[in-house]
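Here the structure is laid out as structure tokens; the discussion comes afterwards.
The values are calculated or read from the model by the stated rules, or taken from the named source; none is laboratory data. All of these numbers come straight from a predicted model, not from anything done at the bench. Every residue, glycine as well, gets a Cβ built from its backbone with ideal geometry; the counts of neighbours run over all protein chains shown.
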Amino acid sequence: MVARAARALAAAGVEAPRAEAEQLAAYVLDVPRGRLALADGFSPAQRDRLAALVERRAAREPLQHLTGTAGFRHLELAVGPGVFVPRPETELLAGWGIEQAGPLTAPLVVDLCSGSGAIALAVAQELPAARVVAVERSPAALDWLRRNAADRAAAGDTPIEVVAADVTAPDLLADLVGRVDVLLCNPPYVPRAVAVPPEVARHDPDEAVFGGADGLAVIRPVLARAAELLRPGGALGVEHDDTHGATVPALLAADGRYERVEEHRDLADRARFATASRRADGRHADPAPAWQTGSS
């Protein structure tokens, strides 16, 4: 059954057909994927269910929509139509933010463009002493965010604060100006003309994927507002398109309120996110002529 499913997914162009066939089989049998070989055979009803799921996945419906969950660091999050499915690459940004906030006694961490709540909830789980604020504007995504936040709070994680707001608003989180220790953001950043996989084009919310003609329509105002929200020395991390490995750090350097600008690459060695610190003196310096390049 798994081999047959894998062949069907491969014929449909799914990138990891065997792995996804095993995940679907484990989901139908309600066993961990690692114990799939020890599971009993499929009942007739389970065979029919697996066949139906494989057909939907072959039509390029996201695997996470079929199972109803997406893994992110140590979490299993509820996802489905109306919310962006968190990607493994974004775990690097979340991990960086957790490293920055970890040494602080009671850090204030803000997650902009929160979507399913992946980053915010990972921070809350791994740093129980943190105050975490998640900001999202999409009503559909907010439903998923609130659901995941309630589930994690019920599981014993530190509750997060959910704010319905547009991250490009000039008065965003006005009560937190100058107080935020770490600000993280995985915004819509794909340039409009870029072709995306069928799963993204048909099922991820358009407003969570595309960031205007150049992909920077949300990033630009986020960088400006982050400089006001962060305390002196506060840390900023922003995910971006892999073609923006020079552009986003240059925007940070040109702002004049950031220092220690750095670019980070993912496990495939693609430019993935940029980081910086709010100037420790809280001042607005002349634009920096250059920026550092690093990796994480």
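Which residues, counting only those in region 14-43, are over 16 Å from residue 69 (Cβ atoms), under 29 Å from the mean Cα position of the chain (by Cα) and touching a residue at least 40 places away in the same chain (Cβ under 8 Å)?
Selection gives 14 alone.
Yes or no, residue by residue, for (1) surrounded by 15 or more Cβ atoms within 10 Å (Cβ to Cβ); (2) in contact with a Gly (Cβ under 9 Å, 6 or more places away or on another chain); (3) within 24 Å of residue 123 (Cα to Cα):
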position	(1), (2), (3)
188	yes, yes, yes
203	yes, no, no
218	yes, yes, yes
236	yes, no, yes
256	yes, no, no
261	yes, no, yes
275	yes, yes, yes
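When you look at residue 153, is it buried (at least 21 other Cβ atoms within 10 Å of the Cβ), in a helix (DSSP H, G or I) and not hydroxyl-bearing (Ser, Thr, Tyr), yes or no?
No.
Is it the case, given these coordinates, that residue 130 is of a type in the set (Gly, Ala, Ser) and in contact with a Pro (Cβ under 8 Å, 6 or more places away or on another chain)? Give the derivation first.
On the way: of a type in the set (Gly, Ala, Ser): yes; in contact with a Pro (Cβ under 8 Å, 6 or more places away or on another chain): yes.
Here the answer is yes, as residue 130 does meet what is asked.
Given the residues 129, 124, which is the only one that is over 26 Å from residue 61 (Cβ atoms) and surrounded by 24 or more Cβ atoms within 10 Å (Cβ to Cβ)?
That would be 124, the only listed residue that is over 26 Å from residue 61 (Cβ atoms) and surrounded by 24 or more Cβ atoms within 10 Å (Cβ to Cβ).
Restrict the check to region 1-17 and report whether at least one residue is surrounded by fewer than 20 Cβ atoms within 10 Å (Cβ to Cβ), closer than 29 Å to residue 269 by Cα, of a type outside the set (A, V, I, L, M) and not assigned by TED's automatic domain parsing to the domain that holds residue 146. Before the answer, list the steps.
Applying the first criterion (surrounded by fewer than 20 Cβ atoms within 10 Å (Cβ to Cβ)) to region 1-17 yields 1-4, 7-8, 10-13, 15-16.
Remaining after also requiring closer than 29 Å to residue 269 by Cα: 10-13, 15-16.
Filter once more, so that each one left must be of a type outside the set (A, V, I, L, M): 13, 15.
Narrowing further to those that are not assigned by TED's automatic domain parsing to the domain that holds residue 146: 13, 15.
The answer is yes, given that some residue of region 1-17 is surrounded by fewer than 20 Cβ atoms within 10 Å (Cβ to Cβ), closer than 29 Å to residue 269 by Cα, of a type outside the set (A, V, I, L, M) and not assigned by TED's automatic domain parsing to the domain that holds residue 146.
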